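Heads up, the thing below is written out as structure tokens.
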2 protein chains.
Amino acid sequence: MADARTQFLLTEDRIPTHWVNIAPDLPGEPLPPLHPGTHEPAGPDDLTPIFPIALIEQEMSPHPDVEIPEEVREAYKLWRPTPLHRARNLEKALGTPAHIYYKYEGVSPAGSHKPNSAIPQAYENAKAGVKKLVTETGAGQWGSSLAFASSLFGLECEVFMVGSSYDQKPYRRSMMQTWGATVHRSPSPLTEAGRAQAANETGSLGIAISEAVEIAAQSDDANYALGSVLSHVCLHQTVIGQETIAQMEMAGEEPDVVIGCVGGGSNFAGLAFPWLRRNLREGKSVRFVGAEPAACPTLTKGVYAYDFGDTVGLTPLMPMYTLGHDFVPPPVHAGGLRYHGDSPLLCAIVKAGLIGAKAVRQNPTFEAAIQFSRTEGIIPAPESAHAIRVAIDEALEAKEAGEERVILFGLSGHGHFDLAAYDAYLAGTLEDPEFDEAGAHAAIEKLPEGLPAIA
Amino acid sequence: MADARTQFLLTEDRIPTHWVNIAPDLPGEPLPPLHPGTHEPAGPDDLTPIFPIALIEQEMSPHPDVEIPEEVREAYKLWRPTPLHRARNLEKALGTPAHIYYKYEGVSPAGSHKPNSAIPQAYENAKAGVKKLVTETGAGQWGSSLAFASSLFGLECEVFMVGSSYDQKPYRRSMMQTWGATVHRSPSPLTEAGRAQAANETGSLGIAISEAVEIAAQSDDANYALGSVLSHVCLHQTVIGQETIAQMEMAGEEPDVVIGCVGGGSNFAGLAFPWLRRNLREGKSVRFVGAEPAACPTLTKGVYAYDFGDTVGLTPLMPMYTLGHDFVPPPVHAGGLRYHGDSPLLCAIVKAGLIGAKAVRQNPTFEAAIQFSRTEGIIPAPESAHAIRVAIDEALEAKEAGEERVILFGLSGHGHFDLAAYDAYLAGTLEDPEFDEAGAHAAIEKLPEGLPAIA
């Protein structure tokens with residue numbers, strides 16, 4: 001029996017005490033990451049120059065539950081637990097018998113789910129005596145989250161921001177500076193990687209990663225921080241899913257389907273993994289859909305292979321769905337979803353058939369975002385709007401079938417810094433780029449050779 | 001004994017059922033508004049061309065408690081109750097024994113307290129069969145809130161946006177359009193008031209009001225909506241203060257002082273009036289400070305007199321503190337506080353000595369905003385930062401005196417659309433304009449003559 005409320009709020013004592021590590025519950029042995037030079041399995045020692053040992057232990061933890069440090073839970077209290085809403089106005093507008101719930105992570109100071117990992121990363125680095133964190137940012141969500149987290153733990157923060165984004169989103173830069181971070185336009189003259197790309201005007205996430213890693217690796221008291229893809233980042237995000245399990249219990253409903261947008265994968269992993277573990281342990285059968293842009297369809301059209309995490313080839317080789325590390329996705333506005341690969345952990349689960357994926361086009365995604373804004377109020381980030389599109393499609397299918405389907409989706413952030421894209425959509429000038437299949441094919445052909453086969 | 005929590009959350013059944021009308025609890029008879037032409041007391045009939053009768057009744061209600069319609073409470077559930085936070089990190093940074101609490105209204109879809117009144121205004125107009133709401137907006141907070149509320153109740157919405165703001169804050173405009181509103185740059189060629197000002201490039205709030213009123217008065221199925229100043233707007237905002245009374249009870253503390261920023265007065269009134277009624281009825285002695293910009297010090301340096309609400313002289317004459325209706329405040333970034341007058345209801349209470357006020361300079365205000373951002377995370381609107389400045393000053397006084405003072409302030413909105421001002425502050429180029437005393441003196445000299453004396 002569904003509860004009549006619109007918002008399902010938890011008190012701060014309900015912030016989870018542990019993160020959910022899904023790895024030990026999965027069948028089979030995970031494929032190891034490989035050293036980019038030797039192609040041998042990479043171990044903790046390969047990561048110590050840029051990460052503190054506590055995060056490396058989390059990355060490779062064999063424990064299904066990883067305790068959240070008290071200081072991290074204290075910092076989470078600045079905005080967590082986040083609300084779960086029933087989208088009653090949207091349901092009415094769609095005329096669907098489906099019940100639609102959304103978990104809203106945009107209430108964090110930085111406006112998205114990213115601080116869930118920025119906080120523990122800043123905490124563990126500060127505890128390890130590190131003085132400065134260096135990172136890259138594309139759309140700006142991760143850079144602002146790390147700037148915010150660094151300000152809380154007294155760390156310096158240096159951000160290499162992709163040039164095109166630096167120029168187009170000056171206010172994301174201002175936000176980072178307000179929290180005390182130093183922001184460089186990438187490619188910059190500060191690094192070898194940057195100087196080698198001086199002719200490249202707009203930059204790319206791959207170049208910005210290379211610049212940040214270079215600075216962090218050079219300095220004894222600086223470390224690097226990554227906002228998605230790696231397993232410890234997915235781990236940190238599981239506060240999202242755990243809270244939704246408690247909130248759906250309050251709502252008195254069991255979701256039929258759980259939906260989230262996928263860029264590097266940590267947002268979707270954070271929502272889905274706690275529910276997936278429940279499926280595996282308790283024989284439940286919640287269905288999962290990762291929503292990705294049709295212009296960058298990693299999970300739905302990529303190959304499953306070892307590939308680099310960055311464009312330049314500095315990171316370990318990771319087993320994942322990939323469009324090829326030098327594939328350049330067309331400039332869709334969901335900058336956070338323009339990534340050639342995906343979290344290896346999430347990819348292994350998709351490969352095992354435990355989680356599904358769907359690619360959606362940019363214009364129907366903005367159509368969904370507008371419908372959501374005008375019924376539920378919140379103007380979503382373009383990334384999050386991919387999950388809304390899939391949720392609305394599920395609700396319309398349920399209407400067609402006369403089914404009271406229960407839909408839960410993750411609303412990962414607000415779109416306050418993405419309104420230029422809304423302008424373009426409303427003016428009818430938003431492009432809807434196709435997937436560059438030939439480009440991805442060429443990039444996949446260039447994947448490194450002589451690696452272990454993974455079928 | 002103070003509760004150890006950081007956030008004090010109420011469930012949605014704790015959204016107030018009534019608004020607090022402070023008027024009947026005040027000593028003496030209120031001075032009536034006067035017709036702008038005849039100077040006779042203005043009655044309901046003077047307002048019916050632009051407001052629905054339900055709102056006029058609220059404006060003049062003799063009842064201390066005004067029931068909130070169920071449909072309005074339902075819409076409030078999209079984001080209310082809003083959180084009360086204890087600013088533990090800020091307290092630590094200040095090294096103060098004071099306890100600092102803040103009520104955060106920036107979680108609303110439009111990012112401020114303004115939807116608290118936009119929702120009931122849209123609801124009552126829709127119920128009265130009105131098809132379209134017309135309004136003005138300066139900084140853009142009110143325009144976006146009315147656009148949002150109109151989208152929920154199926155109303156058209158037309159916004160005249162002050163020209164300089166229209167040019168400088170394109171994303172506030174995009175936000176209104178995302179919610180379906182039509183936005184005009186004011187002065188516009190659409191109205192007589194606008195055409196008469198065609199040579200005025202930047203526009204002003206006074207002109208924009210005149211344009212909106214002109215359009216609303218001409219049309220049978222369009223009405224005007226105002227986002228502050230009037231008593232029914234202050235009434236709607238009292239959900240803020242009522243929730244804080246319940247939340248401070250949860251926190252187990254009694255505030256010594258309640259602080260809010262004052263532009264037209266509705267934000268501060270909404271926070272303060274429920275606490276003030278408690279003072280009056282229960283013999284409590286909570287102290288109140290309205291925080292205003294030193295460049296536009298209506299409550300601290302204005303005269304108490306009858307004046308127009310707008311620049312052109314179309315509105316009723318209202319008894320209030322005023323710097324003169326043609327005083328032009330210097331361009332401080334807190335656009336929402338650049339108003340020559342203030343809510344007549346709030347002014348009468350200040351005049352009676354029941355509520356105090358303090359003016360603060362722009363640069364120290366931004367200094368407080370940065371300190372707050374780096375400790376509590378949230379980047380505040382420049383308007384709200386005035387309350388933070390006063391709250392920090394109170395906490396530092398308490399430190400000096402070794403007092404465990406309990407401070408409650410209203411954080412009326414976030415600064416996501418004000419980051420250009422933060423940029424200027426961080427670059428050291430933010431101006432800190434003085435009060436134009438001669439300008440205000442000249443404007444006050446030109447107040448209409450032959451009105452009832454009010455001393």
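The values are calculated or read from the model by the stated rules, or taken from the named source; none is laboratory data. Fair warning: this is a prediction, and the values are worked out from it, not measured in the lab. Virtual Cβ from ideal backbone geometry, glycine too; neighbours counted across all protein chains shown.
At a glance:
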quantity	calculated
Top-ranked residue of the range B:13-30 - restricted to ones that are more than 30 Å from B:E404 (Cβ to Cβ) and surrounded by 18 or more Cβ atoms within 10 Å (Cβ to Cβ), ranked as nearest to the other protein chains (Cβ to nearest Cβ)	B:I15
Of the criteria (1) of a type outside the set (A, V, I, L, M); (2) more than 14 Å from every other protein chain (Cβ to nearest Cβ); (3) within 26 Å of the chain's Cα centre (by Cα); (4) more than 30 Å from A:M248 (Cβ to Cβ), which one A:D423 fails	(2)
Tally, over the range B:73-129, of residues that are among the hydroxyl-bearing types (S, T, Y), closer than 30 Å to A:A369 by Cβ and more than 13 Å from chain A (Cβ to nearest Cβ)	2
Among the residues listed as B:H99, B:H113, the single one being surrounded by fewer than 24 Cβ atoms within 10 Å (Cβ to Cβ), in contact with a strand residue (DSSP E or B) (Cβ under 8 Å, 6 or more places away or on another chain) and at negative phi	B:H99
Residue in the range B:56-72 that is crowded, with 21+ Cβ neighbours inside 10 Å and either modelled with pLDDT under 95 or among the small types (G, A, S) (or both) present	no
Qualifying residue in the range A:41-50 (condition: surrounded by fewer than 16 Cβ atoms within 10 Å (Cβ to Cβ), among the β-branched types (V, I, T) and assigned to a loop (DSSP other than H, G, I, E, B))	yes
Test: residue in the range A:309-317 that is outside any loop (DSSP other than H, G, I, E, B), outside the structural domain of A:P64 (by TED's automatic domain parsing), more than 22 Å from A:A421 (Cβ to Cβ) and more than 15 Å from the chain's Cα centre (by Cα)	yes
Where A:G194 falls short, out of the listed (1) farther than 28 Å from A:I68 by Cβ; (2) touching a residue at least 40 places away in the same chain (Cβ under 8 Å)	(2)
Out of B:P109, B:P36, sole residue that is of a type outside the set (A, V, I, L, M), at pLDDT below 95 and part of a loop (DSSP other than H, G, I, E, B)	B:P36
Every residue from the range A:150-159 that is in a helix (DSSP H, G or I) and either more than 9 Å from chain B (Cβ to nearest Cβ) or surrounded by fewer than 21 Cβ atoms within 10 Å (Cβ to Cβ) (or both)	A:S150
Residue in the range B:289-310 that is under 27 Å from B:P49 (Cα atoms), of a type in the set (S, T, Y) and surrounded by fewer than 24 Cβ atoms within 10 Å (Cβ to Cβ) present	yes
Count of residues meeting criterion [over 18 Å from the mean Cα position of the chain (by Cα) and touching a residue at least 60 places away in the same chain (Cβ under 8 Å)] in the range A:107-128	4
Unique match (being buried (at least 24 other Cβ atoms within 10 Å of the Cβ), away from every other protein chain (no Cβ under 14 Å) and of a type in the set (D, E, K, R)) among A:D326, A:D342	A:D342
Qualifying residue in the range A:56-69 (condition: touching a Ser or Thr at 6+ places or on another chain (Cβ under 9 Å) and among the polar types (S, T, N, Q))	yes
Test: residue in the range A:327-350 that is on the phi > 0 side of the Ramachandran plot and modelled with pLDDT of 95 or more	no
Matching option when the condition is buried (at least 24 other Cβ atoms within 10 Å of the Cβ) and either of a type in the set (K, R) or assigned to a loop (DSSP other than H, G, I, E, B) (or both), among B:G270, B:G241, B:G263	B:G263
Filtered residues of the range B:32-46 (kept if farther than 15 Å from B:F308 by Cβ and in contact with a helix residue (DSSP H, G or I) (Cβ under 8 Å, 6 or more places away or on another chain))	B:P44
Count - residues of the range A:112-139 that are within 24 Å of A:Q218 (Cβ to Cβ) and part of a strand (DSSP E or B)	6
Scan of the range A:379-416 for residues that are within 14 Å of another protein chain (Cβ to nearest Cβ) and surrounded by fewer than 24 Cβ atoms within 10 Å (Cβ to Cβ), ordered by number	A:H414, A:H416
Helices (runs of 4 or more DSSP H) contained in the range A:160-229 and holding at least 3 residues in contact with a Pro (Cβ under 6 Å, 6 or more places away or on another chain) and away from chain B (no Cβ under 14 Å)	none
Residue count, the range B:361-378 (criterion: away from every other protein chain (no Cβ under 14 Å) and surrounded by fewer than 24 Cβ atoms within 10 Å (Cβ to Cβ))	3
Residues satisfying the stated conditions in the range B:51-66, i.e. more than 20 Å from the chain's Cα centre (by Cα) and either assigned by TED's automatic domain parsing to the domain that holds B:T315 or in a helix (DSSP H, G or I) (or both)	B:I53, B:A54, B:E57
